[in-house]
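What follows is one structure encoded as structure tokens, with my remarks underneath.
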Number of protein chains: 2
Amino acid sequence: MTDVDAVTAANTALYDAFETGDIDLMGALWLDDAGAAAPTCVHPGWAPVRGRGAVLRSWSMIMANTTYIQFVLTDVNVHVQGDVAVVTCAENMLTGMPETADDDPLLPGLAGGRAVATNVFRRTPGGWRLWVHHASPVLAPQPETG
Amino acid sequence: MTDVDAVTAANTALYDAFETGDIDLMGALWLDDAGAAAPTCVHPGWAPVRGRGAVLRSWSMIMANTTYIQFVLTDVNVHVQGDVAVVTCAENMLTGMPETADDDPLLPGLAGGRAVATNVFRRTPGGWRLWVHHASPVLAPQPETG
């Protein structure tokens, strides 16, 4: 398995952990605290959460408040430079809406959304681990710069 | 000058370039295109802009549409791992509002804002250069996870 394959798999696992609400998998993906270079996580619209404990608590809280979420990742770019890998990708989300008494239980409300993420991984003896996750909402169509 | 000092200076220069509308300085800060590992820039609320040319065009357009902006950076964390440096910081902004006929010219309208940024630099023979800039709006107070 190449470095790029391994990083791609670790990146996919982040979204698998969120989709399945698997905090153990989420915990296995993140770096341990290492002095000042603690893990940092920016959820869409949030200020940074720093430190492994705080990051995992934030994920637990978000997953506990998510009834359903599914990701389709597009525009995934993976680059390895020494012991650091940088991934940028688009997170295309399908989320379950809160249910109301009027809802047809066979047709739960679903909503789509789009965010972009920069995920920075570090190589460790146990594999590639998340160092920085920065996700942000895509708010509006952009002017064409390409 | 240590690596951390040099990266901190390059990070500060990014905001100096924006404040002064200096596209030459901005251009000097960004990596050249290198195959698939092209520079990537996420402005707040935007989808990613990829490639040196597109990134600099996006900055030119944003700077042309900014009458006044001043940054105070806080919570600046700089970490160097081999030839990659990762900076996370809070961008506290003071921006000029569009003028209207009623405005007192001595008291132009100003607005504050807050964003967070992850800036990834690569070491090059010419110094540290921006590889990824990802800025996102801070939309609301967060729950306490610390």
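Can you find, within segment A:114-130, the residue that is nearest to A:Val86 (Cα to Cα) among those that are more than 14 Å from the chain's Cα centre (by Cα) and open to solvent by 30 Å² or more (accessible area, probe 1.4 Å)? Talk me through it step by step, then tell me what you get.
Start the filter on segment A:114-130 by keeping residues that are more than 14 Å from the chain's Cα centre (by Cα), which leaves A:122-128.
Subset that is open to solvent by 30 Å² or more (accessible area, probe 1.4 Å): A:122-126.
Working: A:Arg122: 9, A:Arg123: 11, A:Thr124: 15, A:Pro125: 18, A:Gly126: 18 Å.
That would be A:Arg122.
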In segment A:57-73, residues that are more than 9 Å from every other protein chain (Cβ to nearest Cβ) and either under 12 Å from the mean Cα position of the chain (by Cα) or not polar (S, T, N, Q) (or both) total 10
For segment A:16-53, the count of residues that are modelled with pLDDT under 95 and at positive phi equals 2
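Checking the conditions here, which among B:Asp24, B:Asp32, B:Asp75 is in a strand (DSSP E or B) and open to solvent by 40 Å² or more (accessible area, probe 1.4 Å)?
B:Asp75
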Looking across segment A:79-97 at residues that are part of a loop (DSSP other than H, G, I, E, B) and at the interface with another protein chain (Cβ under 7 Å from one of its Cβ atoms), the single one that is most open to solvent (accessible area, probe 1.4 Å) is A:Asp83
**Request:** Taking A:Val76 as the residue in question, decide whether it is within 21 Å of B:Ala117 (Cα to Cα) and either aliphatic (A, V, I, L, M) or at the interface with chain B (Cβ under 9 Å from one of its Cβ atoms) (or both).
**Result:** yes
Checklist entry - Yes or no: B:Val4 within 14 Å of chain A (Cβ to nearest Cβ), under 22 Å from A:His134 (Cβ atoms) and surrounded by 19 or more Cβ atoms within 10 Å (Cβ to Cβ)? => result no
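Yes or no, residue by residue, for (1) modelled with pLDDT of 95 or more; (2) touching a Pro at 6+ places or on another chain (Cβ under 7 Å); (3) of a type in the set (D, E, K, R):
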site: A:Cys89; (1), (2), (3): yes, no, no
site: A:Gly112; (1), (2), (3): no, no, no
site: A:Ala115; (1), (2), (3): yes, yes, no
site: A:His134; (1), (2), (3): yes, no, no
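The values are calculated or read from the model by the stated rules, or taken from the named source; none is laboratory data. Just so it is clear, the structure is predicted and the values come from calculations on it, not from any experiment. Note that each Cβ is placed from the backbone with ideal geometry, even for glycine, and that neighbours are counted across all protein chains shown. To get the accessible areas, we keep the full protein, side chains included, count just its heavy atoms, and leave off ligands, DNA and RNA. Shrake-Rupley method; radii C 1.70, N 1.55, O 1.52, S 1.80 Å.
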